[in-house]
Amino acid sequence: MKIETTPPRAYVMRERARAAERTGERILAAVTQLFVEMPLSQLTLAAVAQRAGVTVQTVIRRFGDRDGLLAAAAEQASGEIAAQRGEAPVGDVPAIVANLVEHYEMVGDLSLRLLAEEEGSPVIAEITTAARGYHRAWCQRVFGPSLDGLTGVERDRRLAQLVAVCDVYLWKLLRRDAGLSRRQVTVALTELLEPLTSTTAPGGSRGPR
């Protein structure tokens, strides 16, 4: 009987693919961590490679230059963010706020760094523009019942108010600048949103008009 002394080729290829995937994940995690820790001008491929435990050539082969690396990290993060924020139910303000605060606790500091660097990098500007569009669309979806019955400038104003209250900068003011706890930030955002989402919200009545 013939005894196999080497793994089948298909097995070897699968293991190589898994190893390459794990290497890519380490590199993307490294660039995300370093981006929060240092100015973009100091974020080099060498620094990313060192943090990820790989060579610079490995980073280049996988992602190209720094812009390619940032774009790949953003694409990965956007998928994770969309999945998490997509769980927010429509019209349930406490659940919406809980989802939003969880999101900012995970990536709020990263979002602030992106905003701080957007003027100096076309790649980052593209990322933040897409993020603003997603945030606005998210507010339109989850606060849809509070926008029903409003039209024209009245609806635009109400949506702008909701977008502003849910913005990362307000989270920063409450959480980082004022030093509120996560629970108190949740309470504060709920209190700010309640007048805008109640059936007697200023600016117009609900229901048929």
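Overview of values
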{"item": "Residue check for Glu102: free of Cβ contacts under 8 Å to residues at least 24 places away in the same chain and loosely packed, with under 13 Cβ neighbours inside 10 Å", "result": "no"}
{"item": "From Ala95, Ala88, residue being aliphatic (A, V, I, L, M), more than 23 Å from Ala30 (Cβ to Cβ) and without any contact (Cβ under 8 Å) to a residue 24 or more places away in the chain", "result": "Ala95"}
{"item": "Residue satisfying condition, being free of Cβ contacts under 8 Å to residues at least 24 places away in the same chain and not assigned by TED's automatic domain parsing to the domain that holds Gln184, within set Val36, Val48", "result": "Val48"}
{"item": "Verdict on Val163 being of a type outside the set (Lys, Arg), in contact with a Lys or Arg (Cβ under 7 Å, 6 or more places away or on another chain) and in the same structural domain as Asp177 (by TED's automatic domain parsing)", "result": "yes"}
{"item": "Filtered residues of segment 89-104 (kept if β-branched (Val, Ile, Thr) and either assigned to a helix (DSSP H, G or I) or assigned by TED's automatic domain parsing to the domain that holds Ala29 (or both))", "result": "Val93, Ile96, Val97, Val101"}
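Here's the yes/no breakdown for (1) within 23 Å of Phe35 (Cβ to Cβ); (2) in contact (Cβ under 8 Å) with a residue 24 or more places away in the chain:
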site: Glu117; (1), (2): yes, yes
site: Ala125; (1), (2): yes, no
site: Ser146; (1), (2): no, yes
site: Asp156; (1), (2): no, no
site: Val168; (1), (2): yes, yes
site: Leu189; (1), (2): no, yes
site: Leu196; (1), (2): no, yes
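The values are calculated or read from the model by the stated rules, or taken from the named source; none is laboratory data. All of these numbers come straight from a predicted model, not from anything done at the bench. Ideal geometry is used to build each Cβ from the backbone, glycine not excepted, and the neighbour counts take in all protein chains shown.
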